[in-house]
Amino acid sequence: MRNSLCFFTILVLLISCTGKKDVVKSTDYNQYLQYGTLAVQVKKARVEKEFWQQRLHKEPGSYINMLEVAKYELSLFKLTGDIQSLRNGDSLLKASSARLNNTDPELLFSLSQNSITQHQFRQAAFYNTEAENRQGDMFIIRLLQFDTWMELGQYDEAYQSLESIRDKTSFDYLIRRAKWEDHKGDLDKAIELMEQAFEMVKHKKKSIYCWTLSNLADMYGHAGRVKKSYEAYLDVLSKEPSNLYCLKGIAWIALAHDNNTAEAKKILLYILSQTTMPDLKLMLAEIAEVENKPAEKGKWIGDFIADVSKPGYGGMYNKYLIHIYSENPSTLEKAFVLAQRELKNRFTPETCDWMAWVEYKRGHYSEALRFTKNYVYKHSFEPAALMHTGFIYAANGKQEEARNILETCLESTFELGPVAAKEIKEKLASIHD
């Protein structure tokens, strides 16, 4: 009887495994892997930038010309990922604002948003304050305050700014309320709010439709609704064939859900042929690890480090660098220095998790536990932070808590990816032993 039961259990497991259907079909999106789709937009932006640059050369003091050049530089950054375009655009915005003695709230709003993009969060807070002092639009100021306070980990201030907005049915309020609910760990509520926001704009401007739906696609994936996530990405691509963000999302589904490394790699290499996205190289490194190609993995990681070490990136990719450096004993000190810098820049559950992980890797288990217990566990609902917590608890002899935490992490293997999922399973096996 016991043997029959074991056989039945194995059979059920085999059926459930083989019954898992792949989501990604190349015929759905091959048409979007066409060279030249993005090039048209890039060429148009460069032509416009050149036009306004020539006018600026003739009138060097014209802040109008500066603003136009800045607009197209920032557009090129969004299209190509070229960090120099972001720096150029930001510099021109600052010069334009200076010409007006920093009295124009609209310019201060743009500078705040650019500062957030560059992870200069305290600078963003400064621009928000300046805009308020210049009697800027309080609705926009409250939105930007929320964005900035969330990044800085000043959650009480963020919530107060959000709730001070009178129109609780506006699109801008809803998408930020969704972010707040996600931060609090209520992903279902966050999705519900984002869907409400999408309903408001689904018949409006194409760009806002695509932005909202691509964010919803991410959230569906985090909630384990992978097919719905995939369909949302395809919907966006049908309207914006050059939306590389959605192609990246599809590549992740191919890797993390379908285990189709060849298809994921094909998509990622296409995106890299069109734009500069350093983090794509880390996805390619993960694919190489899954395929057991250590030399290829090392190459992609080396390329990533070389890219983000260039002037202009600042601390935009410190999260990834901390993780990479913490994996090698020879670079652990680099990881520690970067983690300290991030904590000083913004003391959040996320940055505390980075420091906890570095301390764990350094063998400072009690210090790692102090960070994760006080500032991370039940403060952050990110699967990666939860995984780190499980490992740290296990290192401190808290085996039962570690096992419960890591088993919970297995519910988020799609978001964590195949490499992390494997590490979690191996750690659970060692705990059970």
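Using only Cα atoms and rounding to the nearest 10 degrees, what angle (0 to 90) does helix 83-99 make with the longest principal axis of the chain?
Computed tilt is about 40 degrees.
Leaving out same-chain residues fewer than 8 places away, which lysines sit with a Cα under 18 Å from that of residue 206?
Counting by Cα, and skipping residues close in sequence, residue 206 has these lysines nearby: 78, 239.
Under 19 Å Cα-Cα from residue 265, which lysines qualify once same-chain neighbours fewer than 8 residues away are excluded?
Qualifying lysines at Cα under 19 Å: 25, 248, 281, 293, 297, 299.
Quick check: from the Cα gyration tensor, does the stretch 161-233 come out rounded (a/c under 1.5), prolate or oblate? Intermediate results must be reported in sequence, preceding the final value.
Numbers: a/c = 2.70, a/b = 1.22, b/c = 2.22.
Note, shape of the stretch 161-233 comes out oblate.
Write out the trypsin sites (Lys or Arg not before Pro) in the stretch 376-433 meeting two conditions: DSSP loop, and at most 14 other Cβ atoms within 10 Å of their Cβ. Intermediate results must be reported in sequence, preceding the final value.
On the way: sites: 378, 398, 403, 422, 425, 427; in loops: 378, 398.
Sparse-neighbourhood loop trypsin sites (Lys or Arg not before Pro): 378.
Rounded to a whole number, what % of the accessible area of the chain do carbon and sulfur atoms account for, probe 1.4 Å? Can you show the working numbers first?
Numbers: 11420 of 22110 Å².
Percent of accessible area from carbon and sulfur atoms in the chain: 52.
For helix 418-432, what angle does its Cα long axis make with the longest principal axis of the chain, in degrees from 0 to 90 and rounded to 10?
The answer is roughly 40 degrees.
How would the stretch 289-420 be classified by its alpha-carbon gyration tensor: rounded, prolate or oblate, with rounded meaning a/c under 1.5 and the a/b versus b/c comparison settling the rest? Spell out each step's value before the answer.
Working: a/c = 1.77, a/b = 1.29, b/c = 1.38.
Verdict is oblate for the stretch 289-420.
For the chain, what does the relative contact order come out to in percent, with C-alpha contacts under 8 Å and a separation of six or more?
Working: 526 pairs, mean separation 48.5, N = 433.
RCO, the chain: 11 percent.
At 222 nm, what value in deg cm²/dmol follows for the chain if DSSP H runs of at least 4 each add -39500 (n - 2.57) and the sum is divided by all its residues, to the nearest 500? The partial results should precede the final answer.
On the way: 25 runs with 328 residues, N = 433.
Mean residue ellipticity, 222 nm, calculated: -24000 deg cm²/dmol.
What does the extension gain come out to for residue 35 and residue 207, with contour length at 0.36 nm per residue minus their alpha carbon separation?
On the way: separation 172, 0.36 × 172 = 61.92 nm, distance 2.14 nm.
Separation in residues times 0.36 nm, less the Cα-Cα distance, equals 59.8 nm.
Tell me which residues come under 5 Å, amide H to amide H, from residue 260 once H is placed; ignore anything under 5 positions away on its chain.
255
Rounded to the nearest whole Å², what accessible area per residue is found for the chain with the 1.4 Å probe?
Details: 22110 Å² over 433 residues.
Ligands and nucleic acids excluded, the figure is 51 Å² per residue.
So how tilted is helix 399-409 from the main axis of the chain? Cα-based, degrees 0 to 90, rounded to 10.
Helix 399-409 sits at roughly 60 degrees to that axis.
Let me know the shape class of the stretch 59-117, please: from the alpha-carbon gyration tensor, a ≥ b ≥ c as square roots of the eigenvalues, rounded when a/c is under 1.5, otherwise prolate if a/b is greater than b/c, or oblate. Numbers along the way, then the final one.
Numbers: a/c = 2.45, a/b = 1.41, b/c = 1.74.
It comes out oblate by the Cα gyration axes.
Which value, in debye to the nearest 20, describes the size of the charge dipole of the chain about its Cα centre when Lys and Arg Cβ atoms bear +1, Asp and Glu Cβ atoms bear -1, and nothing else is charged? Working shown, then result.
Details: 56 positive and 57 negative charges, 136 e Å.
Dipole magnitude for the chain comes out near 660 debye.
Using 18 Å as the cut-off for backbone N distance, which residues of the stretch 77-108 belong to the label zone defined by a point 7 Å from the Cα of residue 129 along Cα→Cβ?
Once the point is set 7 Å along Cα→Cβ of residue 129, 102-105, 108 turn out to lie under 18 Å by backbone N, inside the stretch 77-108.
Between the stretch 134-150 and the stretch 361-433, what's the alpha-carbon centroid distance in Å?
Cα centres, the stretch 134-150 to the stretch 361-433: 36 Å.
How high is the FRET efficiency from residue 259 to residue 58, r the C-beta distance, R0 51 Å, rounded to 0.05? Intermediate results must be reported in sequence, preceding the final value.
Numbers: r = 58 Å, r/R0 = 1.13.
Efficiency, from the Cβ-Cβ distance: 0.30.
Got a number for the accessible area of residue 330? Probe 1.4 Å, square angstrom, nearest 10.
100
What fraction, in whole percent, of alpha-carbon pairs in the chain exceed 41 Å separation? It would help to have the intermediate numbers written out before the result.
On the way: 18088 of 93528 pairs.
Percent of Cα pairs beyond 41 Å in the chain: 19.
Mind checking the dipole of the stretch 121-225: about its Cα centre, +1 per Lys or Arg Cβ, -1 per Asp or Glu Cβ, Debye to the nearest 20?
On the way: 15 positive and 18 negative charges, 80 e Å.
With Lys and Arg at +1 and Asp and Glu at -1, about 380 debye.
Along Cα→Cβ, 7 Å out, is where each label goes; now give me the distance between the ones at residue 327 and residue 138 in nm to one decimal.
Spacing of the two 7 Å Cα→Cβ label points: 5.0 nm.
The values are calculated or read from the model by the stated rules, or taken from the named source; none is laboratory data. In this text, all values refer to a predicted model and were calculated from it rather than measured experimentally. Backbone-built Cβ (ideal geometry, glycine too); neighbour counts: all protein chains shown. Note: accessible area is taken over every heavy atom of the protein model, side chains too, but ligands, DNA and RNA are not part of it. Shrake-Rupley method; radii C 1.70, N 1.55, O 1.52, S 1.80 Å.
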